[in-house]
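A short worksheet on the structure shown next.
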Amino acid sequence: MPLISSTSMLQQARENGYAITAFNVHTLEMLQAVVEAASETNSPLIIQSTVGTVKHLGPKYIAAAAKVAADQTGLPIALHLDHCTDFATIIQCIRAGYTSVMIDASMLPYEENVKRTQHVMEVAAAIGVNVEAELGKVGGVEDDIVVDERDAMLADPDDCKLFVEQTKVLTLAPAIGTAHGIYKGEPNIDFDRIAKIAEKVDVPLVLHGGSGIPADQVKKAVALGMSKMNVATELRIAFSNAIKDVFAKSPEENDPRKYMVPAKEAVKRLAIEKMELCGCIGKAGTLK
């Protein structure tokens, strides 16, 4: 089947109390790993790339690989552009075949965030491409976007309601205390805030900074209304550590297949763990 918009899969996830895992991939092997994880578990899947990865690999290469995955597996797979601040890059990715995009104007004043999100919605919604926006500021580092912990700002539930009404955005990522990267201690997630936002907003909510959140906290966030969880840093670490292990044992190894295969397997194992946490295993065949 072709790549699909993430709109319908996320709406169904919200209605049924589970979340779709969205994995940031940076190589073909990482993409194959999360696809194999979804195939083995019959799970819907969102493949994501950052702007940095788009620049590194090219949107057409990424979209072509994702289209092959969807065609060969028959799974509901969406391809998402994560944390993009540039309208031209969003259009480039949509033209390449991306079925979901994130316009991140959360660093700007509220009114400008609304304006930029509306601009993307005018283009994307008309052709069935999902649009995700962020309200508040998620701390940490994502590509070249850096938000200091002191500057991280939690989303106001009333602002979330107004923002969705004004922009008609299809998916919302509210800042609720998570951070990009690996947590130095326990994440300080505001679960009451999640519940209040979910009560006021009927679009699917996105949990950014999903790497390293304890299992019980992930499950609680999903139960309260988070319909998508992003995982990036943990995948990179699993991938890189598996390669390091190969070279630690065989420093002279020069066959990429010898270190890419274990790296791919490490990512696949981790992806299945995250799918299980989010409750989306076995849900691919239930999508309408």
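The values are calculated or read from the model by the stated rules, or taken from the named source; none is laboratory data. Bear in mind that the values here come from a model prediction, so they are computed numbers and not experimental data. Note that each Cβ is placed from the backbone with ideal geometry, even for glycine, and that neighbours are counted across all protein chains shown. Surface accessibility is based on the protein's heavy atoms, side chains included, excluding ligands, DNA and RNA. Shrake-Rupley method; radii C 1.70, N 1.55, O 1.52, S 1.80 Å.
Using θ = phi - 60° in the Karplus curve 6.51 cos²θ - 1.76 cosθ + 1.60, the 3J(HN,Hα) couplings for region 187-201 round to x, 9, 7, 8, 5, 4, 5, 4, 4, 5, 5, 4, 6, 8, 10 Hz; x is entered for Gly and Pro.
Computing mean projected area of the Cα convex hull in nm² for the structure here picks out one of (i) 15.0; (ii) 14.2; (iii) 17.0, namely (ii).
If the segment from L108 to K200 were pulled out straight at 0.36 nm per residue, it would be longer than the present Cα-Cα gap by 30.8 nm. Surface composition of the chain: carbon plus sulfur atoms hold 51% of the accessible area, using a 1.4 angstrom probe and ignoring ligands, DNA and RNA. About the centre of its Cα atoms, region 1-73 shows a dipole size close to 300 debye [charges on the beta carbon of Lys, Arg (+1) and Asp, Glu (-1) only; nearest 20 debye]. Each Lys and Arg contributes +1 and each Asp and Glu -1, all at the Cβ; summed about the Cα centre of the chain, the dipole is approximately 680 debye. Amide H to amide H distances under 5 Å link A173 with A133, E134, L135, V206, where only residues 5 or more positions off or on other chains count and H is placed in the peptide plane. Looking at V120, G17, I77, which one has the Cα that reaches farthest to the positive end of the dipole of region 1-124 (charges on Cβ: Lys, Arg +1; Asp, Glu -1)? Most positive-ward Cα: V120.
Normalised by 2.2 N^0.38 Å, with N the number of residues, the alpha-carbon radius of gyration of region 163-288 equals 1.30.
Applying the Karplus relation 6.51 cos²θ - 1.76 cosθ + 1.60 with θ = phi - 60° to region 246-251 yields 3J(HN,Hα) values of 4, 6, 5, 8, 9, x Hz, where x marks Gly and Pro.
Set the bar at 20 Å for Cα to Cα. Now go through K228/K268; K67/K219; K168/K219; K168/K200; K219/K283; K60/K244 and name every pair that lies beyond it.
K67/K219; K168/K219; K60/K244
In this structure, the amide hydrogen of L3, modeled 1.01 Å from its nitrogen in the peptide plane, lies closer than 5 angstrom to no residue at least 5 positions away or on a different chain.
The dipole here belongs to region 235-288: it is taken about the Cα centre, uses +1 on the Cβ of Lys and Arg and -1 on the Cβ of Asp and Glu, and is about 300 debye.
Label zone of S240 (point 7 Å out along Cα→Cβ, amide N under 16 Å): in region 1-40 this covers 24-27, 30. The H on the amide N of I20, modeled in the peptide plane, is under 5 Å from the matching H of K228, M229, each at least 5 residues off or on a different chain.
The HN-Hα couplings worked out from phi for region 92-101 by the Karplus form 6.51 cos²θ - 1.76 cosθ + 1.60 (θ = phi - 60°) are 4, 6, 4, 5, 6, x, 5, 10, 7, 9 Hz, whole numbers, x standing for Gly and Pro.
Solvent-accessible surface of the chain, taken per residue with a 1.4 Å probe and all protein chains present: 44 Å². Of the residues A175, S6, F87, the one whose Cα sits farthest toward the positive end of the charge dipole of the chain, with +1 on the Cβ of Lys and Arg and -1 on the Cβ of Asp and Glu, is S6. Normalising the average separation of contacting C-alpha pairs (under 8 angstrom, six or more residues apart) by the number of residues puts the relative contact order of the chain at 24 percent.
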